[in-house]
Amino acid sequence: MGVYTDNSQIILLGISVLMIGAFLEPRRNFNVVLINSLRGAGDGIFPVVMAIISTWGVAVLGGYFFGVVLGYGLPGIWIGMTCDEWIRGIYMLARWHSRKWTKKSIVG
């Protein structure tokens with residue numbers, strides 16, 4: 001981090017965001033694979049609806065809550081985004097295990 005700035009506060013902020021990102025990115029990658037698997041199986045509506053609900057309901061509101069209300073700032077916003085990815089991943093995994101996607105027609 002010291003390559004870009006010598007401001008110790010910015011370096012500490014960057015380190016905290018990178019640490020939160022260590023929990024965010026593996027789940028995000030998991031979600032990309034799972035969501036695209038559902039889409040490829042013909043179940044494209046559920047991931048889109050869940051993305052809209054989860055992004056606005058968890059990422060935005062959670063980011064506001066952790067970042068502004070609790071005063072965590074940028075790390076709080078990243079915590080909200082991390083919660084979004086984890087919750088979305090749980091719903092996508094539940095959808096996959098429900099096997100409702102097997103009833104979707106890929107070819108009209």
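Taken together, the values in this text are just the output of simple stated rules run on the coordinates, not laboratory data. Note that the coordinates shown come from a computational prediction; the quantities given were computed from them, not determined experimentally. Note: ideal-geometry Cβ built from the backbone for every residue, glycine included; neighbour counts use all protein chains shown.
Some notes on this structure:
- Any pair with Cβ under 9 angstrom, 6 or more apart, that starts in the stretch 60-72 at a residue that is free of Cβ contacts under 8 Å to residues at least 60 places away in the same chain and ends at one that is assigned to a loop (DSSP other than H, G, I, E, B) and surrounded by 15 or more Cβ atoms within 10 Å (Cβ to Cβ): 66/72
- Flag if residue 14 is more than 13 Å from the chain's Cα centre (by Cα), touching a residue at least 12 places away in the same chain (Cβ under 8 Å) and either closer than 14 Å to residue 95 by Cα or part of a helix (DSSP H, G or I) (or both): yes
- Residue satisfying all of: in the stretch 41-59; in contact (Cβ under 8 Å) with a residue 40 or more places away in the chain and in a helix (DSSP H, G or I); surrounded by the most Cβ atoms within 10 Å (Cβ to Cβ) among these: 47
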